[in-house]
Each structure stands twice: as structure tokens, then as C-alpha cells.
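Here is the structure we will look at, set down as C-alpha cells.
We did not get these values from a lab; they are worked out from the coordinates using the rules stated. Note that the structure is a prediction, hence the values are computed from the model and not measured. Neighbour counts run over all protein chains shown; Cβ positions are idealised from the backbone, glycine included.
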Amino acid sequence: MELRILGCDGSYPAALGACSGYLVDAGAEGRILLDCGSGVMGKLMSVTDPASLDAIVLTHWHNDHASDMLVLRYYLQIAGVKLPLYAPPEGGALRTLCECPQFDLCDLAGGLKLKGLTVQAHPVAHAVPAYALKIIHGSNTLVYTGDI
């Protein structure tokens, strides 16, 4: 399992930077995008075709973790691809804009099992509903907290 940091800037991206976005790549056993903040889409496209992802997981719906979902939505529409999107069900305007044919919206609370990856979601204290993630691949474990 490999973790690639696509962006880790704060509330807005620095010049040539990106907000929260991480690619978890276990090859044929699963590829997941964790969060998709401002600037992440371009960084993601520099390393892989976004349509090749197996799933997207958003820890919460703040702009710095989810705003590039709108850009990704258009990309998937043009590519004719639909991806599972795991996120908190409470999300306001950004979530509403992701209620479209390009995403299969799923409640993150139950986690997910994808090929060789298991993602467990744990609620955390934040201004909006948010989760920390525990990603398991064989004997390897990755924990991602988003904002807490």
C-alpha cells in the first residue's frame, strides 16, 4: 500500500499547491482518493487517470476537503464513468452538487471493503460531521484524521 500526498495545504491552496488530498494505492487491490480539496484534481491527474479510481472517501464536506469534487464530477461526466463516493450524509451545498449520475453516494459511517482494502470510519469532534479513517491492507494500516 502506497500513500501519495496530492495536497496538504490549509484552508486554501498555496501557489502551485493543493488542499487536502491523498491517494492510497494498493495496485490491483484498490485505489482510493481520500479528500478532494481545492487544487487536488490537477495533482491527481498528474499521477493517474481519475476514472481509474475504485472509490473516493471524503472525511467531511468543508471546501478544503471537498471543493474539487465539482471539477472531478465534470471529468467523470465527460469520461462516462461513475464512482462510489463515501462521505458523511450531512453536507450542505457541496454534497447536494455531488448528487449526480457521476457518483454513487454512500454513507461513510459504515466504512467500506474494496478488493484488498478495508476502510473503517470513526467519528471525530469537528464543526461539521467528520470522520477519521483507518485503512487496512493485509498487515499494513494507515490512519488519516482529516480535521480534528
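Points worth noting:
- Compactness of the chain, expressed as Rg and Dmax over alpha-carbon positions, Å: 13.8, 38
- Arranged from fewest to most other beta-carbon atoms within 10 Å of their beta carbon, Val81, Val143 become Val143, Val81.
- Among Gly116, Gly30, Gly21: highest mean-square fluctuation, GNM of the chain, C-alpha pairs under 10 Å: Gly116
- Among Asp64, Asp35, Asp104, Asp25, sorting on how many other beta-carbon atoms sit within 10 Å of each Cβ, with the fewest leading, yields Asp104, Asp25, Asp64, Asp35.
- Antiparallel DSSP beta bridges within the chain, as percent of all bridges there, nearest 5: 70
- Helical mean residue ellipticity (222 nm; -39500 (n - 2.57) per DSSP H run of 4+; nearest 500) of the chain: -4500 deg cm²/dmol
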